[in-house]
Amino acid sequence: MARYWPGRSLLELYRGTLSWRELRVFIKFLPTESATARAVRGSTPDEDAWTLQMQLLATIADAVRENTFATVKVGGDPKKTIRLKPPKPIPRPGVVEPQQTNVIRFGGRHGSGAKQLASLFGRPAANQ
């Protein structure tokens, strides 16, 4: 309270110069970066560091990197850019990067994997 409302103290509540209503209003309208608001949300310090502005800035940086990659890939020498890989996005808290793989897992010893292949191509399997 002293950080956001200098000169005010919880002692005023017991002295009678601060009402319970005023205290409730002070707590209700605390800034989102305050320790009390973080405790109520149950957020981690990493999540608190990523404000909306930081998220938007990371999105802009990712877009610039992707645009640069596309420009180099399209306008560059194909022999030199063949192994060029697209940039990975900046990691953000709470976002799990999906594992990408080109391996199709078949149904084990007794299965042919027809269902998985059919779902890959968006059609029902022939035996269904």
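Within the shell defined by Cβ-Cβ distances under 14 Å, the residues around ALA2 carry a net charge of +1, with Lys and Arg each +1 and Asp and Glu each -1. Net length available on complete extension from ALA49 to TRP5 is 13.6 nm, with 0.36 nm assigned per residue and the Cα-Cα distance removed. Based on protein heavy atoms only, the range 12-82 ends up with 80 Å² per residue of surface accessible to a 1.4 Å probe.
Computed from backbone phi, the HN-Hα couplings of the range 4-21 come to 9, 10, x, x, 9, 8, 5, 4, 4, 5, 7, 7, x, 8, 10, 8, 5, 5 Hz, rounded to whole numbers (Karplus: 6.51 cos²θ - 1.76 cosθ + 1.60, θ = phi - 60°; Gly and Pro given as x).
Straightening the chain between ASP77 and ARG41 buys 7.8 nm, computed as 0.36 nm per residue apart minus the Cα-Cα spacing.
The values are calculated or read from the model by the stated rules, or taken from the named source; none is laboratory data. Bear in mind that the values here come from a model prediction, so they are computed numbers and not experimental data. Here the Cβ is made from the backbone with ideal geometry for all residues, glycine too, and neighbour counts use every protein chain on show. Just so you know, the surface numbers come from the protein's heavy atoms only, side chains and all, with ligands and any DNA or RNA stripped out. Shrake-Rupley method; radii C 1.70, N 1.55, O 1.52, S 1.80 Å.
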